[in-house]
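The structure under discussion appears below in the form of structure tokens.
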Amino acid sequence: MKKIIIGVTGEIASGKDTVTQYLEEKYSAKKYRFSDTLRGVLSELGLEETRLNLHNLSTALRHNYGENILAQGIQLRVIRDTSADLIVIDGIRRKYDMDFFVDFPGFVLIYVSAPIELRYERITKRHQNADDQTKTFEEFQADHERETETTILALKEQARFVIENTGSLEDLRASVDKVLEELEVIKN
């Protein structure tokens, strides 16, 4: 199989992590997440992993080291990874990120989409960030106004595949399977 690199993007709680996890579990994809670097730094500093802290750290890193510093780090790890035929990069948020991967042979972008009300319902049920469960709908809407979120919608136009994640988990998995069939990772 030729090496395929799948970038996964979408708004908060659209299902990016679920798509990534499914690719890992069913297809043995190697995962790289933009937020892993940020979460690691916050953990090392003893800071809570809230959306605001992730945003502030990302902004500070990009301000001091360049807009694509996180993408550059992931790119280096992907280049060094000679063992994986299928790689998934979770959390591409801006064009600067895309620029590091778009010319990779075998790169494809998937945009995961869902209505804001459904995404709010999902975020308050999960435990990914310390403040997710207590977030009000107004706070969730405000999160979408942060710079790290406003650039995501533009990536939808660049995506080769758009998955509408409004159904069941099985529906989402079937959509991912269909993408992989089209990419010839799996055969009918």
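The values are calculated or read from the model by the stated rules, or taken from the named source; none is laboratory data. Here the structure is a predicted model, which is why all the values come from computation and not from measurement. Every residue, glycine as well, gets a Cβ built from its backbone with ideal geometry; the counts of neighbours run over all protein chains shown.
Of note:
- Positions within region 26-52 being of a type in the set (S, T, Y), without any contact (Cβ under 8 Å) to a residue 60 or more places away in the chain and within 22 Å of L172 (Cβ to Cβ), in sequence order: S28, Y32, S35
- So Q133, is it free of Cβ contacts under 8 Å to residues at least 12 places away in the same chain and part of a loop (DSSP other than H, G, I, E, B): yes
Residue-wise test of (1) modelled with pLDDT under 95; (2) under 20 Å from K95 (Cβ atoms).
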site	(1), (2)
T150	yes, yes
L172	no, no
V176	no, no
K187	yes, no
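- Scanning region 23-66 for residues that are polar (S, T, N, Q) and over 27 Å from V179 (Cβ atoms) turns up S43, T50, N53, N56, S58, T59, N64.
- Residue count for region 81-101, restricted to those that are surrounded by 13 or more Cβ atoms within 10 Å (Cβ to Cβ) and in a loop (DSSP other than H, G, I, E, B): 9
- Condition check for Y22: under 27 Å from R126 (Cα atoms) and of a type in the set (F, W, Y): yes
- Scoring V78 on the criteria (1) surrounded by 14 or more Cβ atoms within 10 Å (Cβ to Cβ); (2) of a type in the set (A, V, I, L, M); (3) free of Cβ contacts under 8 Å to residues at least 60 places away in the same chain leaves a single failure, condition (3).
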